[in-house]
Amino acid sequence: MKAPARHNDRRKAPDRETAEPPRWAQRLLRWYCDPDLLEDLQGDLNEFFDRHLHEKGPRRARQIYCLDVLKFFRLYTIRKPDWLTLFIHWIMLGSYLKTSRRSLLRNKLFSSINILGLSVSMSVGLLIIAFTVDLRSYDDFQEKKDRIYRVITTYQTPEQPPMDLASTSVKAGKRIRELVAGVEDVVIMRSGFGGDAHVGETVVPLTAYWADDAFFRVFTFPLLKGNPATALKEPYSVVLTEKTAEKLFGEADPLGKVVRFDTLNYTVTGVAKDVPKFSHLRFEALVSFATAEALQAKIDPNLQSWEDIWQNYVYVLLPEGRDVQSLQATLARINTAENAAIKNRTFTVALQPLKEAALGRRLSNAIGPTMSPLVVWILGGLAFVVILSACFNYTNLSIARSLRRSREAGIRKVIGALRGHVMGQFMTESVLIALLALVFSFGLFLLLRTQFLALDADLRNLVSLDLSVQTVVYFIAMAVGVGLLAGLLPALFFSRVNPILVIKDVSALKVFRRVTMRKVLIVVQYTLSLIFITATVVGYVQYRSFLSFNLGFQTENILNIPLRGNKGNVLAKELAAIPGVSAIAQSSMVTSLGSVGGTMMKYNNPADSALVWLNLVDEHYLPMHKHKLVAGKNFSLRPRNGEESEIIVNEQVLKRFNIAQRNPRKALGQLVTVDGKKMTIVGVLKDFHYETVLHPIKPVMFRYSAEPGGYLNVKVASPNIAATMEQIEAAWQTIDKVHPLEAKFYDDQIEEAYRMFSGMLKVIGFIAFLAICIASLGLFGMVVFTTETKLKEISIRKVLGASDSSLVLALSKGLLSLLAVAALISLPATYLFFDKVVLPDIAYHPPIGLAELLAGSLIVILLAVLLIGSQTLRAARSNPVKNLKTD
């Protein structure tokens, strides 16, 4: 029975006999430990290692040894500073700097390539650092920021995926205030308050939130005038920001004065400091939430409902040390209790830290600017790849010049330099180059900052990229880090050279027998560059397809004019007199741009309801946009008996409710329930894109309204668009002298709807351009060095009768084969990335074509051929006699 155990012991015995502690841990111990303690401590650790080796096995023994080495890193074990050694190191640092300066001046071409490549790549790094610092600065001014949480909502129906919203219900806030123990305070807010503020003859358009009296107890928005405890307590109270108060009242004290919105008067109860730039909550005024409750019947009859989640916001202030997880468990019980009374829909509330309001996952109905951390990580990754490419250049060129630098390292070792001294020399040189590159990259950063902010208006609203002490410190730290990263491999390489071997025969160095590392670096560098440029080309083709996609209706030459509270029929009358206007319609919203609005619909089953997207339109809308009716007719000129009774739906509505077995003709005349009213289907439209083409087509209905109140849709048919726009501007001024005309052509708005893709393409394309430039610089340096070192070989070949073309082929085929390998890796990787990661989330997109995949590679390879060919051809055409006369 014991024989197998003896067999196992014999098998494992050699491992235990040869096992030893990890070398890096032993070196770390020798580095930090006081010499007087080292021998005893090392002996004790080795004894423990042997004991654990037999009891727990080699792997566990090594792990314990490493932990013990780290555990003994304490004040009493640390080596005391040797002032003489520090003085010598200081002198050595001066020597390193002097030698580095001479090396830079002696190798001007390679130094210039390295500094230029690092400066260009580091400028992108500086941009991303400034971008990230700004994003992380959001809401830092809030004194209680670590204890404030936003209540968010997940809305789900059986037929649709979950929708995450930054908004929630008023009832959720009140339930938390009433039922959750240990919550210090709760703020309830509502968006949507806005309009023209009237003070005498002064009219100023304002946007504001309704907010309850807890607002100033939770958030740090100091009041310059007024009492924060009572400023938002009474109905019809308003708090103005400093800038807004100046617009309305000038230098006069606004407290106690009246501001009129529409027909209602509001009393100014406070003046707050202007909202800081980096605040996710941005407002010009705050109106007491008691006002919204007093006007509930007018603004929202369902204001107190658990299902009214679209415009309300709740923030919770927790006491110090409060466990968020236990509060989340209480919220789960509230969710269960409230959802029990609702069918086919669930509303789940949860908590989100305040710091994630700006830099967090994208939520629908978010207020203030939002940026996903994934975008920051992607931009940071792209910047790192560009910086890594420049570091590869440095490493490649440094190793390529090993013929000259190895003798230098060998002589240093012969005269007494230690391995650490040699590493210090080359690391210092690398850091010095990175710091020089930082100076140039800072100038590039100032130029790039303007271009980066110009990519998108939302980006300018999100960040400022201004310099601060913190940002500058990060810049310098990045430069030092890049220098250490770039110089690490060359420093390790030169510190390990055998001085006797190098001085006797430098060609015997391993690097000349096998330059695998250099080849790997070139392949990796060009693989990343090709992925960037190919992704840019593929992304651009996809982006153009979005802009030209058939939406199912026409948008050409249609001008959408926000009415800004004006009567649409009045403006339509003025515009109808303009010769360049051929048709006018009205709608509550502009579709296919990403904004949505809907309501619940029911068919035969009262328990079966579904959210259907909605647009209120007049009788001219469908003909102007040339929507295709599969069956039925357009709206009547006026609803029967003055009451709305007709709706027009798309084919998806028939599918969702299985109306008339999805037969459009039979569906005509069928009754559906919308907002508690019975409506008759009078028309069925061919499916069209209500949302952007990124989303699948969903159920949509059109309802009739003589005054939808949102937009005037104007068909412009004029050879002189500019003159027609001037006439439209003049017509607008006759009915509204306060608000500027904000008309936009439909096609331009569609382009704006996809500006996120456009901005991302510009960023990736720019980084692709930088990556190619940096890689080309490195390739140029490698080609120059290769031709210099093989000049005599070229001359001998030429004397023996080799042609220029054969010499170019012989010298360039190695590098071109590396580029071919990079292309073979990058093209499938890019295709799989788009096919498996990017495009599956886009409902409608064209397939990836072979031409767009190959375009980037052909450009890069052509550029590389030009670089390699020009230098090798120059060397091949040189005079062989002149090159060989010294031998």
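Odds and ends about this structure:
- The residue of segment 156-179 that is farthest from the chain's Cα centre (by Cα), among those that are at pLDDT 85 or above and β-branched (V, I, T), is I176.
- Among the residues making up segment 187-203, a single one is crowded, with 22+ Cβ neighbours inside 10 Å and more than 31 Å from the chain's Cα centre (by Cα): A197.
- Residue within segment 753-762 that is among the aromatic types (F, W, Y) and in contact with a Phe, Trp or Tyr (Cβ under 7 Å, 6 or more places away or on another chain) present: yes
- Segment 697-719 - residue that is at pLDDT 90 or above and farther than 25 Å from G565 by Cα and, of those, surrounded by the fewest Cβ atoms within 10 Å (Cβ to Cβ): A717
- Verdict on E39 being modelled with pLDDT under 90 and part of a loop (DSSP other than H, G, I, E, B): no
- Selection status of L671, out of contact with any His (no Cβ under 8 Å at 6 or more places or on another chain) and under 28 Å from H845 (Cβ atoms): no
- Remark: pairs (first residue in segment 149-165, within 12 Å of L351 (Cα to Cα); second residue of a type in the set (V, I, T) and outside any strand (DSSP E or B); Cβ separation under 9 Å; 6+ apart in sequence or on different chains) = Y149/V324; V151/I176; T153/I309; L165/I309.
- Evaluation of V472 against (1) assigned to a loop (DSSP other than H, G, I, E, B); (2) of a type outside the set (G, A, S); (3) modelled with pLDDT of 85 or more (one fails), failing number: (1)
- Residue among V469, V439, V473, V463 that alone is more than 19 Å from V385 (Cα to Cα) and in contact with an Asp or Glu (Cβ under 7 Å, 6 or more places away or on another chain): V463
- Filter result for T886 (assigned to a loop (DSSP other than H, G, I, E, B) and either modelled with pLDDT under 75 or outside the structural domain of F769 (by TED's automatic domain parsing) (or both)): yes
- Any hit, segment 768-777, residues being of a type in the set (V, I, T) and under 30 Å from I387 (Cα atoms): yes
- Looking only at segment 350-381, residues that are of a type in the set (V, I, T) and outside any loop (DSSP other than H, G, I, E, B) come to 3 in all.
- Residue that is part of a helix (DSSP H, G or I) and at pLDDT 80 or above, where the choices are F347, F384, F392, F426: F384
- The one condition in (1) in a helix (DSSP H, G or I); (2) modelled with pLDDT under 85 that V69 fails to fulfil: (2)
Conditions tested, residue by residue: (1) outside any loop (DSSP other than H, G, I, E, B); (2) under 40 Å from the mean Cα position of the chain (by Cα); (3) farther than 28 Å from K813 by Cβ; (4) at pLDDT below 90.
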residue	(1), (2), (3), (4)
V524	yes, yes, no, yes
S529	yes, yes, no, yes
Y543	yes, yes, yes, yes
L551	no, yes, yes, no
E556	no, yes, yes, no
G565	no, yes, yes, yes
I578	no, no, yes, no
A585	yes, yes, yes, no
T591	no, yes, yes, no
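The values are calculated or read from the model by the stated rules, or taken from the named source; none is laboratory data. All values reported here derive from a predicted model rather than from experimental measurement. So basically every Cβ, Gly included, is an ideal-geometry build from the backbone, and we count neighbours across all protein chains shown.
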